[in-house]
Amino acid sequence: MLKVLVASLFVGSFAFAAGDAGCGLGSMIITKNTKVMQVLAATTNGTSGSQTFGITFGTSNCSANGLVQNDKQIQYFVEVNQAELTREMAQGHGEKLSTLAALNGCSTDAQISAFNTKAQSSFKSIVPAAQTSAVDFVNNMKSSSVANVCHGA
């Protein structure tokens, strides 16, 4: 077991360039910018869940810096919450669905409500099968223009 842990730390240290641990609790308490420390920071972020929270609410050194980063945040959020999102989308309301709306640029209650309504009416095209992957979920959401409700596109 120790060999596996050491090997994963060694291999994992090459997976991150300096500063690649991202935002979250790990980036706040581990400031040394070495490969091993960045792996530990990323592990802290993952096990504490602070990165997901920080990305969602813009805390813990997290901020939305551009379209690609936002797409990654949405993808990650859907992967982690897909079962709940699917259920809430079918119902047309819920905390996870409202968070997804916020990640897609909705900031007012009216925008979030419009997003939720559009998501519910597009449910069958977003989730065409029970085994729809998170990648397909996000792509289908973009294709159905749900993702653009709050951008006016």
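Taken over the stretch 64-82, the criterion of being assigned to a helix (DSSP H, G or I) and either at pLDDT 95 or above or of a type outside the set (A, V, I, L, M) (or both) is satisfied by Q69, N70, D71, K72, Q73, Q75, Y76, F77, E79, N81, Q82.
Restricting attention to the stretch 74-86 and to residues that are crowded, with 18+ Cβ neighbours inside 10 Å and among the hydrophobic types (A, V, I, L, M, F, W, C), the residue that is nearest to P128 (Cα to Cα) turns out to be L85. Sub-8 Å Cβ pairs linking a first residue in the stretch 68-96 that is under 16 Å from N139 (Cα atoms) and in contact (Cβ under 8 Å) with a residue 40 or more places away in the chain to a second residue that is exposed (fewer than 14 other Cβ atoms within 10 Å of the Cβ) and among the hydrophobic types (A, V, I, L, M, F, W, C), at least 6 apart or interchain, are Q75/V135, ordered by first then second residue.
Conditions (1) touching a Leu at 6+ places or on another chain (Cβ under 6 Å); (2) more than 23 Å from Q73 (Cα to Cα); (3) modelled with pLDDT under 70; (4) surrounded by 12 or more Cβ atoms within 10 Å (Cβ to Cβ), marked per residue:
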position: L2; (1), (2), (3), (4): no, yes, yes, no
position: V6; (1), (2), (3), (4): no, yes, yes, no
position: G12; (1), (2), (3), (4): no, no, yes, yes
position: G19; (1), (2), (3), (4): no, no, yes, no
position: G24; (1), (2), (3), (4): no, no, no, yes
position: M28; (1), (2), (3), (4): no, no, no, yes
position: Q38; (1), (2), (3), (4): no, no, no, yes
position: A42; (1), (2), (3), (4): no, no, no, yes
position: T47; (1), (2), (3), (4): no, no, no, no
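Rundown of residues vs (1) more than 15 Å from D71 (Cα to Cα); (2) assigned to a helix (DSSP H, G or I); (3) in contact with a helix residue (DSSP H, G or I) (Cβ under 6 Å, 6 or more places away or on another chain), yes/no style:
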{"site": "K96", "(1), (2), (3)": "yes, yes, yes"}
{"site": "I112", "(1), (2), (3)": "yes, yes, yes"}
{"site": "N116", "(1), (2), (3)": "yes, yes, yes"}
{"site": "A119", "(1), (2), (3)": "yes, yes, yes"}
{"site": "T132", "(1), (2), (3)": "yes, no, no"}
{"site": "V138", "(1), (2), (3)": "no, yes, yes"}
{"site": "M141", "(1), (2), (3)": "no, yes, yes"}
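Of all residues being crowded, with 17+ Cβ neighbours inside 10 Å and among the charged types (D, E, K, R) in the stretch 87-106, which is farthest from the chain's Cα centre (by Cα)? Just the residue, please. Here the answer is E88.
The values are calculated or read from the model by the stated rules, or taken from the named source; none is laboratory data. Here the structure is a predicted model, which is why all the values come from computation and not from measurement. Note that we place each Cβ from the backbone using ideal geometry, even for glycine, and neighbour counts take in every protein chain shown.
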